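Trainee: Handing you this structure, nothing more for now.
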Amino acid sequence: MQAIARLSAFVGKTFAIWVLLFAILAFFASEQFTWIAPYIVPLLGIIMFGMGLTLSKSDFAEAFKRPGTVAIGVLGQFIIMPCLAWLLSTALQLPPEIAVGVILVGCCPGGTASNVMAFLARGDVALSVAITSVTTLLAPVVTPALIYLLASQWLEVSASAMFWSIVQVVILPIVLGLVAQSLLREKVKACVAMLPLVSVVSIVAIVAAVVAVSQEKIATTGLIIFAVVVLHNGLGLLLGYWLGKLTGLSVAQRKTLSIEVGMQNSGLGAALANAHFSPLAAVPSAIFSVWHNISGPLVATLFQRFKNDDSDEKANDAVTGAAQAR
């Protein structure tokens, strides 16, 4: 078990390398990975189940302790990235499927990788987890509504169908994870160390499947999509930090807002695009998954140089102590 835990920790730390490696392999040997495509939704469900296993009452309690700060993060997540996606798609006159794919990933909630990046950046980790949790729970309603509002000019969007998809692949697995955690506490604790390995394998498989299925179209449009994704992610990180500054948040909270806004649940984006639109519409999510796992550590390293307030340091020490006690 200890060997598996060490392997899991290593794979989690080198996440970006594995995603990039298998994306390249899937592009040049697509026939070896296309068989994974039908399993994209179950793979995302596994990731969300793992998220449910690691959530605790304190993660949700944080939203009630400081609702204003969490609300700023949630609104930033669901306003900045969707609007940026629509503006980029419109200004660059992207083809319909690509435009919908960019908007789709922009409308997704935050991903769990943002919590790790907030920790590495010496940000407000408790705030990061609270924002991720709240945006994820709101996703079944907010994400389809935003996609319908912003993307229906390009392709037909069924908000109700997407609502049920998100309930099935996000909310239900998280609830099952929470139930398993409450009923099987000790056994779950023993398995938590393996979750990074399971999550990385699942995300890598999703990205590889999307790249393999869309290999021909990526060959002709890949550079355009990559440029849009990099711009989308970079502007999200920047505007998230500025939002924190404009609303008077502390340095650690600004870092957290930047990361929460800029990093998306790209696995959900890929699953929804593949289920409701086309493989090409899933490509922006796949490329986003590769890129934000490169930009995230880079930004976290930069943020480490930003001196936190004294209150931030005390709060983070308390969070770290609580995490170690769990």
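The values are calculated or read from the model by the stated rules, or taken from the named source; none is laboratory data. In this text the structure is predicted, and so the values were computed from the model without any measurement. As a convention, Cβ positions derive from the backbone with ideal geometry for all residues, glycine included, and neighbour counts pool all protein chains shown. For the accessible areas, the whole protein counts, side chains as well, though only heavy atoms, and no ligand, DNA or RNA atoms are used. Shrake-Rupley method; radii C 1.70, N 1.55, O 1.52, S 1.80 Å.
Trainee: Largest first, how would ARG66, ARG305, ARG122, ARG185 line up by accessible area (1.4 Å probe)?
Mentor: ARG305, ARG185, ARG122, ARG66
Trainee: Now for a different question. At 222 nm, what value in deg cm²/dmol follows for the chain if DSSP H runs of at least 4 each add -39500 (n - 2.57) and the sum is divided by all its residues, to the nearest 500?
Mentor: Result for the chain, helices only: -26500 deg cm²/dmol.
Trainee: Quick check: pseudo-label points 7 Å beyond the Cα along Cα→Cβ at GLU186 and ALA145, how many nm apart are they?
Mentor: 4.5 nm
Trainee: Can you tell which of GLN77, VAL251, ILE36 lies farthest toward the positive end of the dipole of the chain, using +1 and -1 charges on the Cβ of basic and acidic side chains (Lys, Arg; Asp, Glu)?
Mentor: Looking along the dipole axis, the top candidate is VAL251.
Trainee: Determine the shape class of region 1-152: with a ≥ b ≥ c the square roots of the Cα gyration tensor eigenvalues, call it rounded for a/c under 1.5, and otherwise prolate if a/b is greater than b/c, oblate otherwise.
Mentor: Note, shape of region 1-152 comes out oblate.
Trainee: Right, next: Carbon-plus-sulfur fraction of the accessible area of the chain, 1.4 Å probe, in percent?
Mentor: 71 percent
Trainee: Using the crude model of +1 on Lys and Arg Cβ and -1 on Asp and Glu Cβ, and no other charge, please compute the dipole size for region 210-318 relative to its Cα centre, in debye to 20.
Mentor: 200 debye
Trainee: Over region 113-216, one equal point on each Cα, no solvent: what is log10 I(q)/I(0) by the Debye formula at q = 0.10, 0.19, 0.20, 0.21 Å⁻¹?
Mentor: Values returned for q = 0.10, 0.19, 0.20, 0.21 Å⁻¹ are -0.43, -1.29, -1.31, -1.32.
Trainee: Run the simple label-point estimate for ILE294 and LEU21 please: 7 Å along Cα→C-beta, distance reported in nm.
Mentor: The answer from the label model is 1.6 nm.
Trainee: Within the chain, how many Lys pairs sit with Cα atoms under 17 Å apart, leaving out pairs fewer than 8 places apart on the same chain?
Mentor: Within the chain, the lysine pair count is 7.
Trainee: Could you pull out which residues in region 76-100 have an amide N less than 16 Å from a spot 7 Å beyond the Cα of ALA227, following the Cα-Cβ vector?
Mentor: 88-95, 98-99
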